[in-house]
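Here's the structure we're looking at; comments come further down.
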Amino acid sequence: MSNFKEVSKSLVAAGAALWVKNEQELEEHIRSLIGDKAQRKMMGNAGRDWHQSNRGSSQRIADFILEDI
C-alpha cells in the first residue's frame, strides 16, 4: 500500500487511527485519548496488529507478479 489515502483508510478501519475534519476535532480526540488509557492501548494494539499483517506486502506483490511472467 503505497497510497496514503489507502493506508489511512486501512488504519482507521483497523481501529488504529482516527479521522479528523479540523483542528477542533483533532483537539477533542487528543483530549479524549489523554483521558482514556484503555482506548490508547486498544489503538496501539490495533496499530501493531495492522503493521504485522501488512509486513512483507511488497514481497507478496512481487511474488504474485513474478508468477505471471
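If you check every pair at least six apart or on different chains, which have Cβ atoms under 8 Å apart with a residue in segment 13-27 that is charged (D, E, K, R) first and a residue that is exposed (fewer than 12 other Cβ atoms within 10 Å of the Cβ) second?
none
Scan I34, I69, I65 and give me the residue that is among the β-branched types (V, I, T), at pLDDT 95 or above and loosely packed, with under 11 Cβ neighbours inside 10 Å.
On the way: I69 fails: at pLDDT 95 or above; I65 fails: at pLDDT 95 or above.
Unique residue meeting the criteria: I34.
Any chance segment 49-57 includes a residue that's open to solvent by less than 100 Å² (accessible area, probe 1.4 Å), touching a helix residue (DSSP H, G or I) at 6+ places or on another chain (Cβ under 6 Å), touching a residue at least 40 places away in the same chain (Cβ under 8 Å) and assigned to a helix (DSSP H, G or I)?
Checked against the condition, which is being open to solvent by less than 100 Å² (accessible area, probe 1.4 Å), touching a helix residue (DSSP H, G or I) at 6+ places or on another chain (Cβ under 6 Å), touching a residue at least 40 places away in the same chain (Cβ under 8 Å) and assigned to a helix (DSSP H, G or I), segment 49-57 yields at least one hit.
In segment 37-62, what residues are more than 10 Å from the chain's Cα centre (by Cα), of a type in the set (D, E, K, R) and modelled with pLDDT of 95 or more?
Selection gives K37, R40, K41.
The values are calculated or read from the model by the stated rules, or taken from the named source; none is laboratory data. As the structure is a computational prediction, the values presented were derived from the model and not from experiment. All Cβ positions, glycine included, derive from the backbone under ideal geometry; neighbour counts span all protein chains shown. Quick note on the areas: whole protein, heavy atoms, side chains included, nothing else; ligands and nucleic acids left out. Shrake-Rupley method; radii C 1.70, N 1.55, O 1.52, S 1.80 Å.
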